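The values are calculated or read from the model by the stated rules, or taken from the named source; none is laboratory data. Computed from a prediction, not measured in an experiment: that's the story for all the values here. We place every Cβ from the backbone using ideal geometry, glycine too, and count neighbours over all the protein chains shown.
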There are 2 protein chains.
Amino acid sequence: MPTSKDVAEAAGVAQSTVSYVLSGKRPISEKTRKKVEAAIEQLTYQPNAGARALASRKTRVIGLVIPFIPELHMASIMEFVSVIANTARQHDHDILLVTEDEGAPGLRRVVGQQICDGLILMQVEGNDERLPVVRSLNVPVVLIGIPRDPTGLVCIDADFEMAGDQCVRDLAAAGHSVVSVIDWQPEVVDRHVNYVDRFMRGTDKAAGELGVTVLHLPGGTDRDVIADSVDKALAKTTGSPAFIAPDGTVQDLLRRVLSSRGLTPGVDVSVIGSASPTLADLQPIPLTTIDLRPAEVSRRAVKIICQLLEADSQGPHESLELVPTVITHRSSTLRPPRGA
Amino acid sequence: MPTSKDVAEAAGVAQSTVSYVLSGKRPISEKTRKKVEAAIEQLTYQPNAGARALASRKTRVIGLVIPFIPELHMASIMEFVSVIANTARQHDHDILLVTEDEGAPGLRRVVGQQICDGLILMQVEGNDERLPVVRSLNVPVVLIGIPRDPTGLVCIDADFEMAGDQCVRDLAAAGHSVVSVIDWQPEVVDRHVNYVDRFMRGTDKAAGELGVTVLHLPGGTDRDVIADSVDKALAKTTGSPAFIAPDGTVQDLLRRVLSSRGLTPGVDVSVIGSASPTLADLQPIPLTTIDLRPAEVSRRAVKIICQLLEADSQGPHESLELVPTVITHRSSTLRPPRGA
DNA sequence: GATCATCGTCGATACGCATCGATGATTCGA
DNA sequence: TCGAATCATCGATGCGTATCGACGATGATC
């Protein structure tokens, strides 16, 4: 592997000049720049990341802490990961994978060994055990998810409260007076993953304002549980039933159960699921969706951390950003009554 | 951040001694070792990765090239990624994400800048454009998937031929004389992803030996396409129909179509899907599955590359490893006729 | 009891780059 | 026409670790 010294010799300049050509931190004459660039090209020189990190104290690597809970809808996680990785590259950074299994010590490790300059944590829970560690690390950290106490933390997430509100308003406008929310998996609910609460707050607030009834029913990966929830909802509903299934896996089951009850979404029942446009296209039926904007959340998370990294900010920054959600009408919901 | 020099001072020894305590590459007396370890503990010293990489020419990082094709079943990819990351940690390595979007130049970049010591490529296609680059890189690379010409490459994958064979044999034993394979997404088939061919070879070979008819019908994310395939299959089937759906997304659609045709898996029709045990548990019905062992494939891929890294092997190694697949009977297939 | 290997530790050096201060070359104004 | 200011480049140094050669101390050998 050629080094910057080799490039310097080939170009007939000093090594430091090569460095300045690359960084642009000092003016370089057009002539020397050309010479150096030619030498770089010819030797196919690429700067050594280790040496660069050692000298500059920046690795240009961001640690991404990913969850692996089988109960989570894995396809959505992959969408986060993929967009985060690509966005990071656009900001000239790389992504190091840190699995949740490593826990808090894992965070200390990658930061302590200076393998990465900052962290993005996915699936942050309300009372996440890693938060004390995060606060004590002297590097920028961006959380995807809003913990109970966001003091001193930088957080971003979809605006789940808005999502809940939008769903209920939308269904109310379509003429439903009772709206049933099929919850996330119990494993997720029990973890007090904070977005569940926020979503509920949104649905309930809108329900109160509109005089609509909202039922919260258990979800899960068990078909019987969903079936039970659906039957309960049907029993308590006057008029045409309406369902919201914010979890991808629950969605699939709900569809099956409804079909077994002889109900067709968009005809005699309304269903709103959650899906990004990418995933919505893969749905078996055109599903009216609440888009929680995973790609946008991911992009902003990367952008924020890159800003923090550039600013070289040591102080305990704090911010909370909520990404607006979007309802897209497809044919799984009833159309509003005329004149409404 | 404390350095090894700080540790040395605290322990009253030379910096090199600290280094030898950590690496164990030279004998150290019990007494000194204790002193050094105490100092490390007290200062919470962690070696600097950049400096280490610079001096040792090893980053202990493995680049993982992940695909992001919406047509692929994302949940399965996530399973690979997650197991690979965890296994790498067990071998004291980290995983750097490289997205497919970066293409061949991306591979050159991470290797050229010496950000990682080796690569794992997922979703390698039959005639992958990255192969020439892979061959020219002077670092170990493990491919998950078998390209058309594996000369000079290290490959590992599930034994798709075995999988196809197992599925057909199993369904034949259950009394089916016609077996319909619903293909992967056309996007996948068109890419000549090589496992499709291998799977087909397995089904056809077994069919020939057993005197069974195998139909290959188009799959995809379009429900109508699947419905069409199912209807064709039903038309050509005498006796009870049997389906194999090796793609996760296709599986979901197949279930819906069958149900709309009044067919119940395990009662009047057999269905074999592909799923690892982890994912099978999330299925809405107990699906008889062919397990393509993603976790095992991932584990072995990491193990292989770590061995290559230790061996510090420069020469163009070559190997091809196929992981045996496993059929698990659940209630979506008919039971063999008595006496069979 | 002198010789020689072995053991444990130290000091020095290299890894490849970024960065700072210094220096020579050039330009500008008075 | 000379000093000041600016510009372009160079040389030297440090980043934190791994590793090699050297060296004193210890124990074994005949």
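Can you report the number of residues in the range B:77-122 which are charged (D, E, K, R) and under 15 Å from A:Leu96 (Cβ atoms)?
Pass one, the range B:77-122, residues charged (D, E, K, R): B:79, B:89, B:92, B:94, B:100-102, B:108-109, B:117.
From the residues that got through so far, the ones that are under 15 Å from A:Leu96 (Cβ atoms) too are B:89, B:92, B:94, B:117.
Adding up the residues that qualify gives 4.
Looking only at residues in the range B:180-199 that are farther than 22 Å from B:Thr333 by Cβ and polar (S, T, N, Q), which one is surrounded by the most Cβ atoms within 10 Å (Cβ to Cβ)? Before the answer, list the steps.
Filtering the range B:180-199 for residues farther than 22 Å from B:Thr333 by Cβ gives B:185-198.
Applying the additional criterion that residues be polar (S, T, N, Q) yields B:185, B:194.
Working: B:Gln185: 24, B:Asn194: 21.
So the residue we want is B:Gln185.
Filter the range A:1-45 down to residues that are hydrophobic (A, V, I, L, M, F, W, C), within 11 Å of DNA strand C (Cβ to nearest atom) and in contact with a Gly (Cβ under 9 Å, 6 or more places away or on another chain), then give me how many there are.
Qualifying residue count, the range A:1-45: 1.
Report whether or not B:Ala233 is within 14 Å of another protein chain (Cβ to nearest Cβ), more than 20 Å from the chain's Cα centre (by Cα) and free of Cβ contacts under 8 Å to residues at least 60 places away in the same chain.
The answer is no for B:Ala233.
Residue by residue, here is whether (1) modelled with pLDDT of 95 or more; (2) under 24 Å from B:Val61 (Cβ atoms) holds:
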| site | (1), (2) |
| --- | --- |
| A:Glu9 | no, no |
| A:Arg26 | no, no |
| A:Lys35 | no, no |
| A:Ile40 | yes, no |
| A:Tyr45 | yes, yes |
| A:Gly50 | yes, yes |
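If you take the residues of the range A:239-265 that are touching a residue at least 12 places away in the same chain (Cβ under 8 Å) and part of a loop (DSSP other than H, G, I, E, B), which of them is farthest from A:Asp183 (Cα to Cα)? Don't jump to the end; show me each part of the working.
The initial filter retains those residues of the range A:239-265 that are touching a residue at least 12 places away in the same chain (Cβ under 8 Å), namely A:239-251, A:253-258, A:260-261, A:263, A:265.
Adding the requirement that they be part of a loop (DSSP other than H, G, I, E, B) leaves A:239-241, A:246-247, A:261, A:263.
On the way: A:Gly239: 22, A:Ser240: 20, A:Pro241: 16, A:Pro246: 7, A:Asp247: 7, A:Arg261: 20, A:Leu263: 20 Å.
Among those residues, the one meeting the criterion is A:Gly239.
Taking the range B:290-317, which residues are of a type in the set (A, V, I, L, M), over 28 Å from B:Ala174 (Cα atoms) and at pLDDT below 95?
In the first step, residues of the range B:290-317 are kept if they are of a type in the set (A, V, I, L, M); the result is B:290, B:292, B:295, B:297, B:301-302, B:304-305, B:308-309, B:311.
Subset that is over 28 Å from B:Ala174 (Cα atoms): B:295, B:297, B:301-302, B:304-305, B:308-309, B:311.
Once the filter is applied, which keeps residues that are of a type in the set (A, V, I, L, M), over 28 Å from B:Ala174 (Cα atoms) and at pLDDT below 95, the range B:290-317 yields B:Ala295, B:Leu308, B:Leu309, B:Ala311.
Give the residues of the range B:17-54 that are among the hydroxyl-bearing types (Ser, Thr, Tyr) and out of contact with any helix residue (DSSP H, G or I) (no Cβ under 8 Å at 6 or more places or on another chain), sorted by residue number.
B:Tyr20, B:Ser23, B:Ser29 - these are the residues of the range B:17-54 that are among the hydroxyl-bearing types (Ser, Thr, Tyr) and out of contact with any helix residue (DSSP H, G or I) (no Cβ under 8 Å at 6 or more places or on another chain).
Restricting the search to the range A:1-58, which residues are within 14 Å of another protein chain (Cβ to nearest Cβ), assigned to a loop (DSSP other than H, G, I, E, B) and near DNA strand D (Cβ under 8 Å from one of its atoms)?
Of everything in the range A:1-58, just one residue is within 14 Å of another protein chain (Cβ to nearest Cβ), assigned to a loop (DSSP other than H, G, I, E, B) and near DNA strand D (Cβ under 8 Å from one of its atoms), namely A:Arg57.
Any residue at all in the range A:236-244 that's at pLDDT 90 or above, surrounded by fewer than 23 Cβ atoms within 10 Å (Cβ to Cβ) and closer than 30 Å to A:Leu143 by Cβ?
No, there is no match, as no residue in the range A:236-244 is at pLDDT 90 or above, surrounded by fewer than 23 Cβ atoms within 10 Å (Cβ to Cβ) and closer than 30 Å to A:Leu143 by Cβ.
Identify all residues within the range B:226-238 that are outside any loop (DSSP other than H, G, I, E, B) and touching a strand residue (DSSP E or B) at 6+ places or on another chain (Cβ under 9 Å); write none if there are none.
Listed by number, the residues that qualify are B:Ile226, B:Asp228, B:Ser229, B:Val230, B:Lys232, B:Ala233, B:Leu234, B:Lys236.
Applying the selection to the range A:59-75, what residues are at the interface with chain B (Cβ under 8 Å from one of its Cβ atoms), touching a His at 6+ places or on another chain (Cβ under 9 Å) and closer than 30 Å to A:Ser274 by Cα?
Of everything in the range A:59-75, just one residue is at the interface with chain B (Cβ under 8 Å from one of its Cβ atoms), touching a His at 6+ places or on another chain (Cβ under 9 Å) and closer than 30 Å to A:Ser274 by Cα, namely A:Ala75.
Can you name the number of the only condition in (1) out of contact with any Leu (no Cβ under 6 Å at 6 or more places or on another chain); (2) not assigned by TED's automatic domain parsing to the domain that holds B:Leu131 that B:Leu54 fails?
Checking B:Leu54 against (1) out of contact with any Leu (no Cβ under 6 Å at 6 or more places or on another chain); (2) not assigned by TED's automatic domain parsing to the domain that holds B:Leu131, the one that fails is (1).
Go through the range B:104-163 and tell me which strands (runs of 3 or more DSSP E), entirely inside it, have 2 or more residues that are more than 13 Å from chain A (Cβ to nearest Cβ), within 17 Å of the chain's Cα centre (by Cα) and more than 24 Å from B:Asp92 (Cβ to Cβ).
B:154-158
Given the criterion closer than 30 Å to B:Leu258 by Cα and modelled with pLDDT of 80 or more, identify the matching residue among A:Leu320, A:Leu287. Steps first, answer last, please.
Values: A:Leu320 fails: closer than 30 Å to B:Leu258 by Cα.
Answer to the selection: A:Leu287.
Among the residues of the range B:91-103, how many are in contact (Cβ under 8 Å) with a residue 40 or more places away in the chain and either in a helix (DSSP H, G or I) or at the interface with another protein chain (Cβ under 7 Å from one of its Cβ atoms) (or both)?
Qualifying residue count, the range B:91-103: 0.
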